[in-house]
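Asker: Please find one structure pasted underneath; my questions will follow.
Taken together, the values in this text are just the output of simple stated rules run on the coordinates, not laboratory data. Just so it is clear, the structure is predicted and the values come from calculations on it, not from any experiment. Neighbour counts run over all protein chains shown; Cβ positions are idealised from the backbone, glycine included.
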Amino acid sequence: MKKYIITFSIAYALAMVAVAAIESFFDLPGGSSITCLIVGGFAAASSFVKDHQRVPDKAEKKTLIWSCILASVLISVVATVICLLIFPETQAFIQMALTQLPAWIWLLAISFTLLIHYLVLALSFGWMAKSFLKAKRS
């Protein structure tokens with residue numbers, strides 16, 4: 001499974017850089033992490049299907065989903081730290097958000113985000129993997 005987690009991580013990180021560049025270039029609002037998640041999930045699912053000529057079984061799918069969620073969280077934390085180093089003016093906003101928002105709002109936001117991550121990755125390693133397999137066979 002390590003190969004597919006690495007594939008996911010590389011695709012996710014590259015998509016994150018590309019999306020940030022596009023958002024910055026066109027002065028668009030941020031928050032397009034779902035795009036990065038889809039790109040990473042599709043890359044990993046496609047690679048799995050290509051290597052195994054099948055979709056992941058239930059145990060593999062569960063491992064892939066949770067491992068990719070962990071990878072996306074770690075990459076996002078690293079990206080946040082890098083952004084804080086490059087753009088120190090954002091530190092005040094983050095400190096304000098951490099100190100002024102109640103814990104239940106943070107828990108709700110984190111729970112909702114993890115649910116979206118889970119659903120997108122379940123779709124990637126389920127329905128999309130089946131689509132990749134069908135396309136490969138035809």
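Asker: May I ask you to work out the translational diffusion coefficient for the range 99-138 at 25 °C, viscosity 0.890 mPa s, via Stokes-Einstein with Rh from the Kirkwood sum over Cα pairs, reported in whole µm²/s?
Answerer: Details: Rh = 12.2 Å.
The diffusion coefficient I find is 201 µm²/s.
Asker: What is the calculated FRET efficiency for ALA97 to LYS50, with r their C-beta to C-beta distance and R₀ = 30 Å, to the nearest 0.05?
Answerer: Taking R0 as 30 Å, the efficiency between ALA97 and LYS50 is 0.15.
Asker: Note the angle between two axes, namely the Cα long axis of helix 2-25 and the longest principal axis of the Cα atoms of the chain, as a number of degrees from 0 to 90, rounded to the nearest 10.
Answerer: Helix 2-25 sits at roughly 50 degrees to that axis.
Asker: Mind checking the angle between helix 90-100 and the chain's longest principal axis? C-alpha axes, 0 to 90 degrees, to the nearest 10.
Answerer: Between helix and principal axis, roughly 90 degrees.
Asker: Follow-up question, since we're still on this one. How about LYS58: which lysines have a C-alpha closer than 19 Å to its C-alpha, ignoring those fewer than 8 places off in the same chain?
Answerer: Filter leaves LYS2, LYS3, LYS50, LYS130, LYS134.
Asker: If you wrap a convex hull around the alpha carbons of the chain, what volume per residue comes out, as a whole number of Å³?
Answerer: 116 Å³
Asker: Once the range 49-102 is represented by equal point scatterers at the alpha-carbon sites, with solvent omitted, what log10 I(q)/I(0) does the Debye formula produce at q = 0.14, 0.21, 0.28 Å⁻¹?
Answerer: Each listed q corresponds, in turn, to -0.60, -0.83, -1.04.
Asker: With a 10 Å radius around each residue's Cβ, average the other Cβ atoms per peptide and rank 37-44, 12-19, highest first.
Answerer: So the order, starting with the most tightly packed, is 37-44, 12-19.
Asker: Can you tell me the orientation of helix 33-52 relative to the chain, as the angle in degrees between its alpha-carbon axis and the longest Cα principal axis, to the nearest 10?
Answerer: With both axes taken from Cα atoms, the answer is about 20 degrees.
Asker: List the relative contact order of the chain as a percent without decimals, with contacts defined as Cα pairs under 8 Å and 6+ residues apart.
Answerer: Over the chain, the number comes to 38 percent.
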